[in-house]
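*Asks:* Right, I'll just put the structure down here and ask away after.
We did not get these values from a lab; they are worked out from the coordinates using the rules stated. Just so you know, these numbers come straight off a predicted model, no measurement behind them. Because the Cβ atoms are built from the backbone with ideal geometry, glycine has one as well, and the counts that use them run over all protein chains shown.
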């Protein structure tokens, strides 16, 4: 008997999945109408599901024995709490958008580490949405599912997130990075296959606790919005790198100037990275990773000692480039390395963490993978 049958008394009608993601470059440009370049990870949320006829949605996690139930018609923001708020939010937003979903049994499994900044929440929302739609054979454009998932996280869960995570989870393709232009709301698939060039992209979870994250994120967003208002532009995306120095002289606060410098130069780094990837010069993307980390450390000030030690150690051990990825204040780094040196780099980071009395880090396979799909 399957785990699903043990929990719900029936076998599933199908299995759906949605991956986590890492952002290669473009960190913290998303609320400035910027551009980002994520890849989907092999690590994912998997949901086995069966349809119900009573209008009830029952959710369970493979790691827990409790089954949480709620009625589809009575869902409202805040009505379901904790982790179950994510599948509930997916059901609520699909109902609000008048998609003909119905009751369902959902069993959630995951190999995405929580708290690592790899978008497990977006993956859970997207996996829940595609499962609920798939049970009723409803075909919806992946980008639309991403937008609905963002709405669910904003309005149902109450997290003021952008759209990058959901777009990556829904729209990435294997062997590519997703170029997502937030202002234009357009995407493009950029060739990114490190293994084909004898390279590897390491993702290292530094296991650092997130510290004062909400207040820090809000402060940085406020600084960017303040700067845009002072400069008379709708968002910092409107400032070209060539005009950056002049723009900075018009700002009176040094902290705000540094925030602006990060955003404007980070957008340029994304453009340069895309050009190099299109030209097949993947090795040359490494220094852009490192420059991004320096900017995030010194100008945006969202790194912590664990992230900095991991990046510095990776570079000293031979990485072509390394940077923190995600929201910051903990989470992960990525490092572009020669495949033959991957183990050496990881071992060096582990030794450096032990020497600094940090928690032992963990590494993930970062093969660029495909977005949400049905497995069976």
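*Asks:* Please arrange 120, 223, 339 by counting, for each residue, the other beta carbons lying within 10 Å of its beta carbon, fewest first.
*Replies:* Ascending Cβ contact count within 10 Å gives the list 339, 223, 120.
*Asks:* Distance between the C-alpha centers of region 89-115 and region 299-357? Whole Å please.
*Replies:* 35
*Asks:* So what is the relative contact order of the chain, in percent, for Cα pairs below 8 Å that sit 6 or more residues apart?
*Replies:* Reported relative contact order: 23 percent.
*Asks:* Compute the long axis of helix 120-135 from its Cα atoms, compare it with the longest principal axis of the Cα atoms of the chain, and write down the angle in degrees, 0 to 90, nearest 10.
*Replies:* 40
*Asks:* Would region 194-365 count as rounded, prolate or oblate if I go by the C-alpha gyration tensor, calling it rounded below 1.5 in a/c and otherwise prolate when a/b exceeds b/c, oblate otherwise?
*Replies:* It comes out oblate by the Cα gyration axes.
*Asks:* I've got another one for you. Semi-axes of the equivalent ellipsoid for region 51-193, please: Cα gyration tensor eigenvalues, times 5, square-rooted, ordered largest first, whole Å.
*Replies:* So the equivalent ellipsoid measures 26, 17, 14 Å along its semi-axes.
*Asks:* As a check on your grasp of the helix formula, calculate [θ] at 222 nm for the chain: sum -39500 (n - 2.57) over DSSP H runs of n ≥ 4, divide by the residue count, round to the nearest 500.
*Replies:* -12000 deg cm²/dmol
*Asks:* Translational diffusion coefficient, Stokes-Einstein: compute it for region 1-98 using the Kirkwood radius over C-alpha pairs as Rh, at 25 °C and 0.890 mPa s, and state it as an integer in µm² s⁻¹.
*Replies:* 154
*Asks:* What relative contact order, as a whole-number percentage, does region 194-365 give when Cα pairs under 8 Å and 6 or more residues apart are counted?
*Replies:* This gives 34 percent for region 194-365.
*Asks:* Which whole-number percent gives the relative contact order of region 37-173, counting Cα pairs below 8 Å spaced six or more residues apart?
*Replies:* 32
*Asks:* With 15 Å as the cut-off, how large is the P(r) tail for region 206-307, expressed as percent of Cα-Cα pairs?
*Replies:* Summing the P(r) of region 206-307 above 15 Å gives 66 percent of all pairs.
*Asks:* Another question, then. Using a 10 Å cut-off around each Cβ, can you sort 351, 207 from fewest to most neighbouring Cβ atoms?
*Replies:* The fewest-first ordering by Cβ neighbours comes to 351, 207.
*Asks:* OK, next. Could you bin all the Cα-Cα distances of region 82-161 into 10 Å bins starting at 0 and give me the percent of pairs in each, rounded to whole numbers?
*Replies:* Spelled out per bin, shortest first, that is 19, 56, 23, 2.
*Asks:* Thinking of region 276-376 as a set of Cα atoms, what percent of all their pairs are more than 17 Å apart?
*Replies:* 55
*Asks:* Fewest first, what order do 308, 243 take by the number of other Cβ atoms within 10 Å?
*Replies:* So the residues, fewest neighbours to most, are 243, 308.
*Asks:* Can you say what percent of the DSSP beta bridges in region 194-365, counting only those with both residues inside, are antiparallel? Round to 5.
*Replies:* Restricted to region 194-365, the bridges split so that about 100 percent are antiparallel.
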